[in-house]
Amino acid sequence: MSSKRLRVLQFICPTGFYGAERWILALARYLPADVSCDLAVTHEAENQDLKLVREYRSQALGDVFELPMRHRFDTRVVTELAGLLVDEQIDVIHTHGYKSDILGIVAARRAGIPCLVTPHGFENARDLKLRFFIWAGCRALRHADAVAPLSRQLGDDARAAGVAEERLHYIQNGVDLGEVEAERKRPKPATEGKRRIGFIGQLISRKNVAELLRIFDRIHSERGGDVELLLLGDGGERVALEALAKTLGSHGDIHFLGFREDRLALLHSFDLFTMTSSLEGIPRCLMEACAMGVPVAAYGIPGVDQLLEHDQTGLLAAPGDSDTLGTHWLRILNDSELAARLGAKARLFVQEHYSAHRMAREYTALFHRLTGASQEQAA
């Protein structure tokens, strides 16, 4: 049996530094020494300074390859990517996101190596061009050598897209608990006297942030303005959401902070973490909130309900029931014992079931299985 070090290439077309990008860092950080984990990213006009690239290099996780794209759907990058796979003797390409799935699957076929796809979520976008690309990405999943969804719901979505059962390998999501725990042990950051409600994530349609703003406005009025809302992240709906916020009576206490280097310190300062998403995988930001011990109230959609059990590790409302979700916010803000109990139980649950160590072990086994099958077929 060969002792050759297994070489894996993580491939993503980044849109910022969100769940998928941080997930790649966590996986690469915890893979064993016999797996070399390199990174390839596409470079487009809007993403020239990539936080993911800077972090990958600063942490010395592996080699980084940057592939320029002339426009958003430049398929000519396939040829460059296929050449990279051959020249660098990559054993497995591991893709993340609709665009990278399509490009990666085609490049892997040309290079004669297996392609593993990890879906991080299925978008319900309004833009027609994006919807077509999402449709094409879902169709491409059928041609991957393996698909490893991060949640049971994502597994069902992959089946609905036509992925054969024998190609599905459910590997439960994981989070880098080390960096969260290091922040949690520090003193809680001081605030300006207002109770702090927070959200972290992309400002895109499936996050349903407009509803979150309206709930906050109602709670702000009921509590006499002693709360503030912090929104960390960016995305295509930010301008419209900022415009909506300006029409609300609570607008002075709504803060759009964009991407922040001190994300975890800000998370630590939250009195309540909330989500109103209509569609998720297993949200990394929610796992981090639970690991930090911040109490959570959210809509109980698939994925979220794998992390939170109502009245045990969080408070859940039926999707779209904004009145009940607002009531859950008030319960947490008004009852410090409840907030502490929910936060503590959620932290213990995530530590036990969602560590990056466990996730990396399971991916390592899958990488070896894929390369073993590939070598048998080539023999």
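The values are calculated or read from the model by the stated rules, or taken from the named source; none is laboratory data. Here the structure is a predicted model, which is why all the values come from computation and not from measurement. Cβ atoms come from the backbone with ideal geometry, glycine included; neighbour counts cover every protein chain shown. Accessible surface is based on the protein model in full, side chains and every heavy atom, while ligands, DNA and RNA are left aside. Shrake-Rupley method; radii C 1.70, N 1.55, O 1.52, S 1.80 Å.
Observations on the structure shown:
- Ranking GLU337, GLU55, GLU309 by solvent-accessible area of protein heavy atoms (1.4 Å probe, all protein chains present), from largest to smallest, gives GLU337, GLU309, GLU55.
- With DNA, RNA and ligands ignored, accessible area of LYS4 (1.4 Å probe; Å², nearest 10): 110
- Simple label model, 7 Å out from Cα along Cβ direction - LYS185 to ARG54, nm: 2.7
- Taking the DSSP bridge list for segment 224-312 and keeping only pairs wholly inside it, about 10 percent are antiparallel.
- Accessible area of the chain belonging to carbon and sulfur atoms, whole % at 1.4 Å probe: 50
- Net length gained if the chain between HIS357 and HIS310 were fully extended (0.36 nm per residue, minus Cα distance): 14.2 nm
- Per residue accessible area in Å² of the chain, where ligands, DNA and RNA are left out and the probe is 1.4 Å: 43
- Taking amide H as placed 1.01 Å from N in the peptide plane, GLY258 has its amide H under 5 Å from the amide H of GLY233, each at least 5 places away in sequence or on another chain.
- Within the assembled protein chains, the solvent-accessible surface assigned to THR79 is about 90 Å², based on a 1.4 Å probe.
- Computed over the chain, Kirkwood Rh from alpha-carbon pairs, angstrom: 21.5
- Per residue, the convex hull spanned by the Cα atoms of segment 1-100 amounts to 96 cubic angstrom.
- Expressed in units of 2.2 N^0.38 Å, where N is the residue count, the Cα radius of gyration of segment 132-270 is 1.36.
- Here segment 236-379 is described by how far its Cα atoms reach on the three principal axes: 69, 38, 30 Å, from widest to narrowest.
- Pair LEU257, ARG5: separation of 7 Å Cα→Cβ label points (nm): 3.8
- Put simply, the amide H of VAL175, placed in the peptide plane, has neighbours under 5 Å in SER355, ALA356, leaving out anything fewer than 5 places away on its chain.
- Across all directions, the average projected area of the convex hull around the alpha carbons of segment 302-349 is 3.2 nm².
- Derived value for segment 213-278: Kirkwood hydrodynamic radius 12.7 Å. Basis is the mean of 1/r over every pair of different alpha-carbon atoms.
- Between ARG218 and ASN334, the contour length at 0.36 nm per residue exceeds the Cα-Cα span by 40.2 nm.
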